[in-house]
Amino acid sequence: MKNTVIFSIISFIFWFSQFLYVPVLSPYLETLGGDYLLIGLILSSYGFLQLLCRLPLGILADYLKIRKPFILLGILASTMSCLIFLLTEDLVFALIARCFAGLAAATWVVFTVMFASYYHEHESNQAMNLISFIVVFAQLLGMGLSGYLVSQWGWHAPYFLGSLLCILAFVLLLFISEPIHSRSRSQIDLKSLTLTLKKQTLLQLSFLSILAHGMIFITTFGFTSAYALSIGIPKSQLGLTTFSFMIPHAIAPLIIGKIATSIRKQWLVLIGSFMFATMCIFTMPITTHPAIFYIIQAMMGLSLGFIFPLLLGMCYQSASDHMKSTVVGAYQALYAIGIFGGPFIAGIFNSWFGLSAGFYFAALLGGIATLLAVKWKSKAMKHSIYHDSISKM
């Protein structure tokens, strides 16, 4: 119990410090003289580092059968990111700082697996839902506090607070122990690794996650604020735009475990959530009334809030015990494609056809995800029925 509580606090601090400066990062880089091309490069480096590092870190953690040193690496990388932003005012150093943030985020695969190891196997979905709530809650508070800190104490305030909190997380890490059973797993080999990474379920869930992350990083973590300003919402109310999305997004992981209690229900909720999120994104560019805009934000936040913990939990369940970090690492490495690829492509469309084009592209991703989820649900159910019949013989 003690380990779980402390680890939850560490996880909260980890993501709070990462997202504490996200809403103000782009305008801060503009004050340093960055043009949109360079700012885009700095922002996308976060996702690129995750794509490069997440799978190798997951494989290495499984090979060494340890987790805690990788969590230490993540905390130190996050600390370095905040400190570099705090102590420098240079675009090259900003790129380096954002790369450290990407490296820190890449270690999240090990955080996820170690947190789940404090629970029994049949409680893995509960663990995934809880850790998903912690992440979203930290993002919500961090993004909500960001603008206030800058308005009161200047651009460097979020980086200063983030640095202090990362140091606190390092101290707390000294008081937790790694579960013994998590170190006594079977040795992985190249053949089992290759077979695992080619597993159809992993590839399907990862592709759906790529599309989902593309949707959220194009909209909420991308161009939603710009669109809000374009329809007359004042800068002082941009925090409300964040909260209208993030509060339902944070609540969703807490209730999804009570709804999606079987494989069939998991796929049904996925299909419904993708469909609903797609409709919300599609209608956003034709919405001009702030109240309706906030309602759409809330519904989209709830829908995507169901999708992410579901996909993570289903991915975790599909992995054999000694390959958890590898499978989750592969999953998280692949969805990083959506983190930097989605906004990049949407930005091109926006420059060609206007701001609405990016939202329609995000809606297209959602439509594709919905159709694929419908198709793969049928196959998953047939596979489940077959194995159930075999197990009863």
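The values are calculated or read from the model by the stated rules, or taken from the named source; none is laboratory data. Just so it is clear, the model here is predicted, and its values are computed rather than measured. Glycine also receives a Cβ, built like all others from the backbone with ideal geometry; neighbour counts cover every protein chain displayed.
Within segment 317-355, being assigned to a helix (DSSP H, G or I), of a type outside the set (A, V, I, L, M, F, W, C) and over 21 Å from Ile39 (Cα atoms) holds for Gln317, Ser318, Asp321, His322, Lys324, Ser325, Thr326, Gly329, Tyr331, Gln332, Tyr335. Contact map, segment 327-339: first residue not assigned by TED's automatic domain parsing to the domain that holds Phe308, second residue surrounded by 24 or more Cβ atoms within 10 Å (Cβ to Cβ) and at pLDDT 80 or above, Cβ cut-off under 8 Å, separation 6 or more or different chains; the map is empty. Whenever a residue of segment 211-229 is on the phi > 0 side of the Ramachandran plot, it has no partner that is surrounded by 24 or more Cβ atoms within 10 Å (Cβ to Cβ) and in a helix (DSSP H, G or I) lying with C-beta atoms less than 7 angstrom away and at least six residues away or across chains. What about Phe223, is it touching a helix residue (DSSP H, G or I) at 6+ places or on another chain (Cβ under 7 Å), within 30 Å of Lys375 (Cβ to Cβ), at pLDDT below 85 and aromatic (Phe, Trp, Tyr)? So Phe223 passes the test.
Consider segment 36-72 and keep the residues that are among the aromatic types (Phe, Trp, Tyr) and touching a helix residue (DSSP H, G or I) at 6+ places or on another chain (Cβ under 8 Å). The one that is surrounded by the most Cβ atoms within 10 Å (Cβ to Cβ) is Tyr46.
Of Ser320, Ser325, Ser303, Ser356, all but one fail to be at pLDDT 95 or above and either surrounded by 22 or more Cβ atoms within 10 Å (Cβ to Cβ) or hydroxyl-bearing (Ser, Thr, Tyr) (or both); the exception is Ser303. Consider Phe293 carefully, then state whether it is in the same structural domain as Trp376 (by TED's automatic domain parsing), modelled with pLDDT of 90 or more and either surrounded by 17 or more Cβ atoms within 10 Å (Cβ to Cβ) or assigned to a helix (DSSP H, G or I) (or both). Yes: the conditions hold for Phe293.
So that you can scan it fast, the table gives a plain yes or no per residue for (1) over 14 Å from the mean Cα position of the chain (by Cα); (2) modelled with pLDDT of 85 or more:
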{"position": "Ile9", "(1), (2)": "yes, yes"}
{"position": "Ser17", "(1), (2)": "yes, yes"}
{"position": "Pro23", "(1), (2)": "yes, no"}
{"position": "Ser26", "(1), (2)": "yes, no"}
{"position": "Leu32", "(1), (2)": "yes, yes"}
{"position": "Tyr36", "(1), (2)": "yes, no"}
{"position": "Gly40", "(1), (2)": "yes, no"}
{"position": "Tyr46", "(1), (2)": "no, yes"}
{"position": "Cys53", "(1), (2)": "yes, yes"}
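With respect to the conditions (1) in a helix (DSSP H, G or I); (2) out of contact with any Pro (no Cβ under 9 Å at 6 or more places or on another chain); (3) touching a residue at least 40 places away in the same chain (Cβ under 8 Å), Phe93 falls short on a single one, namely (3).
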